[in-house]
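A.B. asks: The structure that follows is given in the form of structure tokens.
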Amino acid sequence: AFGFLHQVVLLVLDIHACIAQDPLHFRQLVVFLVHNFRIDHSLLERRGALIIRRLCVLLDAERVYRELSTILEGEADLDFACVMVQALNLILLTSSELSELRELLKQSLVNAAGKDLFVSLYASWCHSPMAIISLCLLAQTYQHACAVIQSLVEEDINAKFLVQLDKLIRLLETPVFAYLRLQLLEPRQYIWLLKALYGLLMLLPQQSSAFKVLRRRLKTVPSYSFDGGNLKQAASGNPYSQILHHSGSQITEDGDIDQDNGNLQNGINFASLQQFKQMQQQHHMLAKSRAQSRNSSTS
């Protein structure tokens, strides 16, 4: 029965995709899809990944993700927007159908098309701190990942956040993030990456399995950096000390030294984290008003 239902879902999607070749119908299809996920969260949980992945194959992954991001950026139901963004982020990081999209995002700092896609997704990914951090690690905008981590406040670090963080730590051990792990061979060159990973480590409870996984990975970072064919010993055996003892050059993004404006990296404007902070402020206000309502009803 499950196999038959699976085939029916795929067939219906194929028919809708044929109709959605027209730009107007494409927009209507994506809006309709988001509406159905909103009113039936179980649909998103049970069939969301299947539906999104299939549409990405039929209608171009970048086009689908850009449209979803545009819709979710202005989503009034903030809780749903956060859940939907987290689902889209997990699909982006794990699905073989989205491998080309991942490769494009990895070039965000050196490729205009990658930068444009990153900026497009960033607007809605702001609904979820962990989704933003994941996107930054994928796009290799490591300094901004550090800024996001350091901007987190008490309300952000809750049980749901820690569950998402646990998933991210495990994803960092998969082939998708092999490039990131190899960059750790050059700790002096990838200062911000190292700092971001240590920042995530400090947010995790020490007894959690994710903490142990990430700590083991960071222990493998060499205390020597391979620079110009010569081995140079780090300031101490602790790779994090290289952040503290780094040379006087101003680093904007990893491997990009002495740029004039630390907030503007290859055309991506990260000034003051305003977009992320404003979106998170809306989520905090909603949570606070709910807590007040619960307290008043209890009293």
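A.B. asks: For the pair Thr298 and Val163, how long in nm is the line joining their label points, each one 7 Å along Cα→Cβ?
C.D. replies: Taking the simple label geometry, Thr298 and Val163 are separated by 2.1 nm.
A.B. asks: Ordering Arg47, Arg54 by how much accessible area each has at a 1.4 Å probe, largest first, what is the list?
C.D. replies: If we order Arg47, Arg54 from most to least accessible, we get Arg54, Arg47.
A.B. asks: Running Debye on segment 161-223 with equal point scatterers at the Cα sites and no solvent, what base-10 log of I(q)/I(0) appears at q = 0.19, 0.26 Å⁻¹?
C.D. replies: Listed by q, the Debye log ratios stand at -0.68, -1.22.
A.B. asks: If R0 is 41 Å, what FRET efficiency do you get for Lys277 and Glu45 from their C-beta distance, rounded to 0.05?
C.D. replies: Working: r = 29 Å, r/R0 = 0.72.
Using R0 = 41 Å, I get an efficiency of 0.90.
A.B. asks: Ok, one more. Once phi is turned into ³J(HN,Hα) by the Karplus curve 6.51 cos²θ - 1.76 cosθ + 1.60 with θ = phi - 60°, what whole-Hz value does each residue of segment 149-164 show in order, with x for glycine and proline?
C.D. replies: Along segment 149-164, the couplings run 4, 6, 7, 5, 10, 3, 5, 6, 8, 10, 4, 5, 4, 5, 5, 5 Hz.
A.B. asks: With charges set only on the Cβ (+1 for Lys and Arg, -1 for Asp and Glu), what does the dipole of segment 94-215 come to about its Cα centre, in debye to the nearest 20? All intermediate terms of the calculation are to be shown ahead of the outcome.
C.D. replies: Working: 11 positive and 10 negative charges, 72 e Å.
For segment 94-215, the charge dipole is close to 340 debye.
A.B. asks: May I ask you to give the percent of accessible area on segment 8-140 that is carbon plus sulfur, with a probe radius of 1.4 Å?
C.D. replies: Numbers: 3130 of 5420 Å².
The computed percentage sits at 58.
A.B. asks: Further question: Using a ≥ b ≥ c from the Cα gyration tensor of segment 40-121 (square roots of the eigenvalues), is it rounded, prolate or oblate, where a/c under 1.5 gives rounded and otherwise the larger of a/b and b/c decides, a/b for prolate?
C.D. replies: oblate
A.B. asks: Kindly sort Ser208, Ser296 by accessible area of their heavy atoms, largest first, with the probe set to 1.4 Å.
C.D. replies: On the way: Ser208 30, Ser296 75 Å².
Descending order: Ser296, Ser208.
A.B. asks: Here's another thing I want to ask about it. What pairs from Lys195/Lys219; Lys212/Lys277; Lys106/Lys219; Lys212/Lys288; Lys115/Lys160 go past 22 Å between their alpha carbons?
C.D. replies: Pairs exceeding the cut-off: Lys212/Lys277; Lys106/Lys219; Lys212/Lys288; Lys115/Lys160.
A.B. asks: Is segment 92-201 rounded, prolate or oblate when judged by the Cα gyration tensor, a ≥ b ≥ c being the square roots of its eigenvalues, rounded requiring a/c under 1.5 and prolate requiring a/b larger than b/c? Mind showing how you got there, number by number?
C.D. replies: On the way: a/c = 1.38, a/b = 1.18, b/c = 1.17.
Cα axes put segment 92-201 in the rounded bin.
The values are calculated or read from the model by the stated rules, or taken from the named source; none is laboratory data. Everything numeric in this text was worked out from a predicted model, so none of it was measured. Glycine gets a Cβ as well: all are built from the backbone with ideal geometry, and neighbour counts include every protein chain shown. Just so you know, the surface numbers come from the protein's heavy atoms only, side chains and all, with ligands and any DNA or RNA stripped out. Shrake-Rupley method; radii C 1.70, N 1.55, O 1.52, S 1.80 Å.
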